[in-house]
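> Below you will find the structure I want to go over with you.
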Amino acid sequence: MSKIKFPVLLSSLLLAFSPVAAVAQPPIDPQAQVAIIDAVVAVVNDDVITRHELDEKMRTVISQLKKQGTPLPESAVLEKQVLERMIAELLQSQYARESGVKVDDTQLDLAMTRIAQQNNFPSLAEFMAKLAAEGVNVKKFREEIRAEIVSTRLREREVESKLVISDTEVDNYLANKAKMGLENEEYHLAHILVVVPEQASAEKIRAARERADHALAQLAEGADFAQVTAGFSDAKDALKGGDLGWRAGDRIPPLFLNELQALSRGQNTAVLRSPSGFHILKLLEKRSASAPVVITQTHVRHILIKTSEIVTESEAKNRIMEIRQRIDAGADFAEQARQNSQDGSAQQGGDLDWLSPGQTVPEFEEAINKLKVGEIGAVQTQFGWHLIQVLERRNADVSEQQQRQQARISIGTFKSEELYQDWLRQLRDRAFVEYRLEKE
């Protein structure tokens, strides 16, 4: 059977948790184990991180780095990096508890079922049995998935919902794109990010710059980029080599793009400064992307019942099915949307206008594609339960409206990441964190 894979939504768990993460460890002497568990390596507000927890995470990270073929950084450097990530995860978990963001077992089972399906398992039970057979701690795996979903919901609430993109930004974006001829350029990038805290003192900024310079010096001496990333980068993808995947030229800030255009494959930039901190980018590959001339668009309307801490998955589904029964009995879809939908399109009768491929979440788009014109169907996404009706389909050239929509998506992607890093820095700045590694 092929190796188990995980969805993009949960990609950050590939290092936080993978089939090597919960394999049973060799037995430890009981007295030594008590000493390990009692040792506190960090105090984070009212919680602590123990030496046992840090060592367990270190084993996981080291196993993953070895599987990737990434040379290991110095033990002390890697340990500090891993501890910083554990602190960030704990702060988000604390904030989620305080603000009432949680994922119940029904929602967790749904996410687990999706992972099972993406790994070609016919049922969740068989998927879990396979994990257990490979030595994975299934209970811990579930909790890691739950934590990742909570983190995603926090990001949606604290960042995505506050994004504002003006028409002027879109105009400037399209003008710059045309001026620089970026329509068909894509870059496969890796990066190192040394974060500068919000309102950092001159001393902290200088320390961050020195850390970035140290990383650059190691690269200049021929060190492996993934190894340096694991030892220095504060980005969430640091332990995966800092791989950013393929990025269209119009999704890369001009500051970075100007530097990348001067690079050959395999080269890296000097240290670059942004509002988030100091960056080093590596150009892995570059290619031309041919955008489709004609796309299939679908005119859709929908009714959304959101799930929340108050409304469960089953309750949302039941409400959607009740609405569907009324529509099947002759009720007007648009009127039902105005009365019941919890989406911003409610006042337009649920009308989402013409949708292009990639414009909605995968589950929603898949449901649309399965429906014939005039048909109604129900589907569940991360937002809740939807009742969807396909009104029309057409093949269309990429219009100015479509270009502007894609521009908004690209601008939103960049701004979202900046806002997310700002939010994480603010969360950290408000927290009480005491390091006790040196006191052990």
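The values are calculated or read from the model by the stated rules, or taken from the named source; none is laboratory data. All values derive from a computational prediction rather than experimental measurement. All Cβ positions, even for glycine, are placed from backbone atoms using ideal geometry, and neighbour counts span all protein chains on display.
> Would a scan of the stretch 352-373 turn up a residue that is among the acidic types (Asp, Glu) and in a loop (DSSP other than H, G, I, E, B)? Don't jump to the end; show me each part of the working.
So in the stretch 352-373, the residues among the acidic types (Asp, Glu) come out as 353, 363, 365-366.
Checking the rest, the ones that are also in a loop (DSSP other than H, G, I, E, B) come to none.
No: the stretch 352-373 contains no residue that is among the acidic types (Asp, Glu) and in a loop (DSSP other than H, G, I, E, B).
> Which of (1) farther than 27 Å from residue 245 by Cα; (2) not assigned by TED's automatic domain parsing to the domain that holds residue 369; (3) not hydroxyl-bearing (Ser, Thr, Tyr) does residue 390 not meet, given it meets every other one?
Going through the list (1) farther than 27 Å from residue 245 by Cα; (2) not assigned by TED's automatic domain parsing to the domain that holds residue 369; (3) not hydroxyl-bearing (Ser, Thr, Tyr), residue 390 breaks only (2).
> Out of 61, 77, which single residue is under 24 Å from residue 193 (Cα atoms) and either of a type in the set (S, T, N, Q) or over 21 Å from the mean Cα position of the chain (by Cα) (or both)?
77
> Which residues, counting only those in the stretch 252-282, are buried (at least 18 other Cβ atoms within 10 Å of the Cβ), under 21 Å from the mean Cα position of the chain (by Cα) and under 30 Å from residue 405 (Cβ atoms)?
If the condition is that a residue be buried (at least 18 other Cβ atoms within 10 Å of the Cβ), under 21 Å from the mean Cα position of the chain (by Cα) and under 30 Å from residue 405 (Cβ atoms), then 252, 276, 279, 281 are the ones that fit.
> Still on this structure, I have one more. Output the number of the condition that residue 347 fails; it satisfies all remaining conditions of (1) assigned to a helix (DSSP H, G or I); (2) on the phi > 0 side of the Ramachandran plot.
Every listed condition holds for residue 347 apart from (2).
> For residue 316, state whether it is among the small types (Gly, Ala, Ser), crowded, with 18+ Cβ neighbours inside 10 Å and not assigned by TED's automatic domain parsing to the domain that holds residue 201. Even if it seems obvious, please write down each step before you answer.
On the way: among the small types (Gly, Ala, Ser): yes; crowded, with 18+ Cβ neighbours inside 10 Å: yes; not assigned by TED's automatic domain parsing to the domain that holds residue 201: yes.
In short, yes.
> Give the stretch 269-283 a look and list any residue that's in contact with a helix residue (DSSP H, G or I) (Cβ under 6 Å, 6 or more places away or on another chain) and among the polar types (S, T, N, Q), or say none.
Hits for the stretch 269-283 are 269, 276.
> Separate question: Given the options 221, 186, name the one that is more than 24 Å from residue 83 (Cβ to Cβ), touching a strand residue (DSSP E or B) at 6+ places or on another chain (Cβ under 9 Å) and either at pLDDT 90 or above or surrounded by 15 or more Cβ atoms within 10 Å (Cβ to Cβ) (or both). Outline the logic, then answer.
Numbers: 221 fails: touching a strand residue (DSSP E or B) at 6+ places or on another chain (Cβ under 9 Å).
Going through 221, 186 in turn, just one is more than 24 Å from residue 83 (Cβ to Cβ), touching a strand residue (DSSP E or B) at 6+ places or on another chain (Cβ under 9 Å) and either at pLDDT 90 or above or surrounded by 15 or more Cβ atoms within 10 Å (Cβ to Cβ) (or both): 186.
> Of everything in the stretch 322-343, what is part of a helix (DSSP H, G or I) and loosely packed, with under 14 Cβ neighbours inside 10 Å? Give them in sequence order.
322, 325, 328, 335, 339
> Restricting the search to the stretch 417-440, which residues are under 18 Å from the mean Cα position of the chain (by Cα) and surrounded by fewer than 16 Cβ atoms within 10 Å (Cβ to Cβ)?
417, 418, 422
> Right, here's the next one. Wholly within the stretch 98-194, which helices (runs of 4 or more DSSP H) include no fewer than the required count, namely at least 3 residues that are acidic (Asp, Glu)?
Details: elements: 105-118, 124-133, 138-158, 167-180.
Helices (runs of 4 or more DSSP H) meeting the threshold: 138-158, 167-180.
> Consider residue 328 carefully, then state whether it is of a type in the set (Asp, Glu), touching a strand residue (DSSP E or B) at 6+ places or on another chain (Cβ under 9 Å) and over 30 Å from residue 425 (Cα atoms). Break it down into steps so the answer makes sense when it comes.
Values: of a type in the set (Asp, Glu): yes; touching a strand residue (DSSP E or B) at 6+ places or on another chain (Cβ under 9 Å): yes; over 30 Å from residue 425 (Cα atoms): yes.
Spelling it out, residue 328 is indeed of a type in the set (Asp, Glu), touching a strand residue (DSSP E or B) at 6+ places or on another chain (Cβ under 9 Å) and over 30 Å from residue 425 (Cα atoms).
> Still on this model: Please verify whether residue 136 is touching a helix residue (DSSP H, G or I) at 6+ places or on another chain (Cβ under 6 Å), of a type outside the set (D, E, K, R) and buried (at least 18 other Cβ atoms within 10 Å of the Cβ), treating the condition exactly as stated. Step through it out loud before you land on a result.
Numbers: touching a helix residue (DSSP H, G or I) at 6+ places or on another chain (Cβ under 6 Å): no; of a type outside the set (D, E, K, R): yes; buried (at least 18 other Cβ atoms within 10 Å of the Cβ): yes.
Answer is no for this residue.
> Quick check, is residue 389 closer than 29 Å to residue 311 by Cα, surrounded by 15 or more Cβ atoms within 10 Å (Cβ to Cβ) and modelled with pLDDT of 90 or more?
Numbers: closer than 29 Å to residue 311 by Cα: yes; surrounded by 15 or more Cβ atoms within 10 Å (Cβ to Cβ): yes; modelled with pLDDT of 90 or more: yes.
Yes.
> Just to be sure before I move on: is residue 421 touching a helix residue (DSSP H, G or I) at 6+ places or on another chain (Cβ under 8 Å) and outside any strand (DSSP E or B) in the structure I sent? Before the answer, list the steps.
Details: touching a helix residue (DSSP H, G or I) at 6+ places or on another chain (Cβ under 8 Å): no; outside any strand (DSSP E or B): yes.
Criteria not met by residue 421.
> Only one of (1) at pLDDT 90 or above; (2) buried (at least 16 other Cβ atoms within 10 Å of the Cβ); (3) over 20 Å from the mean Cα position of the chain (by Cα); (4) within 26 Å of residue 145 (Cβ to Cβ) is not met by residue 45, so which one is it?
(2)
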